[in-house]
Amino acid sequence: MTTLAIPRRFNGPPNSANGGWFSGRVAQLVHEATRSAAEAAVTVRLHAPPPLEVTLALEGDGTSYRMSHGGTLLATAELAADLPAPPGGPVTFAEAAAVATAYEGLVEHPFPTCFSCGTERTDAMSLRPARLPGPGGAARADGAYAAAWTAAEVSVPVLWAALDCPGGWCAGIAGRPMVLGTMTAQLHRHPEPGEPCVVMAWPRGGRGRRFDSTTGLFGVGGDLLGRADAIWIAVNPAAVQPR
């Protein structure tokens, strides 16, 4: 059994962990437990909001793993098949930065102190994913979003966090609050500290309360650093509380 505690600064909703950061930390532990390559894909399924600053326990049998707190199952995880290339390449860093003013979270944000994309944080990632314009200024046909990000702190959980929230915004968080349900991610290279990166996100449809997205993290030369597929679940933000 392996234990961890999530520092409060890595929150998503006010009292629980950022889904991407938490999933990336679980993925790290799965890599260590299975002695798998750092670039192996991992699927993490969230079952309950992960609480902050308490001891969480990871147990597994070499194939599947369970993260829990007391009697509450928080997440299950397992190694996954390699992910295919994302559906498109990146825009430039300048193009991604230019759309930041259209970030819907600047108008209304369900979790404004989120470590990844919150608007009320000065000590976090401050991602501003926004819809990219197509010909004539209309939205692109593929619905793609982009965010510029200069990698200040670099770790597996932070890179998963970078791949997390832009997918939610492209899937329609604005006006329909959602939380991460399942994330499968694969990292190919860590950016250098200070490297300008671009996160791309594409919606993949939905049904009922479920919405799907794909994200890609690209480095300074446009090379693919990481890739993720995610399932998002529409929620009442006030109800997202650890048990």
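Throughout, read-outs are computed from the coordinates displayed, never taken from laboratory work. Computed from a predicted model, the values in this text were never measured in an experiment. Note that we place each Cβ from the backbone using ideal geometry, even for glycine, and neighbour counts take in every protein chain shown.
Restricting the range 65-155 to GluC sites (Glu not before Pro) that sit in a DSSP loop and have at most 11 other Cβ atoms within 10 Å of their own Cβ leaves E120, E153.
For the range 143-243, the spread of Cα positions along the three principal axes, ordered from largest to smallest, is 38, 32, 21 Å.
If you filter the range 1-58 for trypsin sites (Lys or Arg not before Pro), then keep DSSP loop positions with at most 10 other Cβ within 10 Å, what is left? Please report the intermediate quantities before stating the final value.
Working: sites: R8, R9, R25, R35, R45; in loops: R35.
Passing sites in the range 1-58 are R35.
Between 0 and 90 degrees, the angle of helix 156-171 with respect to the longest Cα principal axis of the chain falls at about 50 degrees. Against the chain, whose longest principal axis is taken from its Cα atoms, helix 19-34 shows a tilt of about 50°.
Taking 4.7 Å between beta carbons as the limit, the unpaired Cys residues of the chain are C114, C170, C197.
Less than 5 angstrom separates the built amide H of E195 from those of A151, all sequence-distant by 5 or more or on a different chain.
Dividing the helix sum by the residues of the chain, where each DSSP H run of 4 or more adds -39500 (n - 2.57), gives a mean residue ellipticity at 222 nm of -5000 deg cm²/dmol. The convex hull drawn around the Cα atoms of the range 55-152, when projected onto a plane and averaged over every direction, covers 9.9 nm².
The GNM of the chain, with springs linking C-alpha atoms under 10 angstrom apart, assigns the highest mean-square fluctuation among V107, V54, V26 to V107.
A convex hull fitted to the Cα coordinates of the chain yields 118 cubic angstrom per residue.
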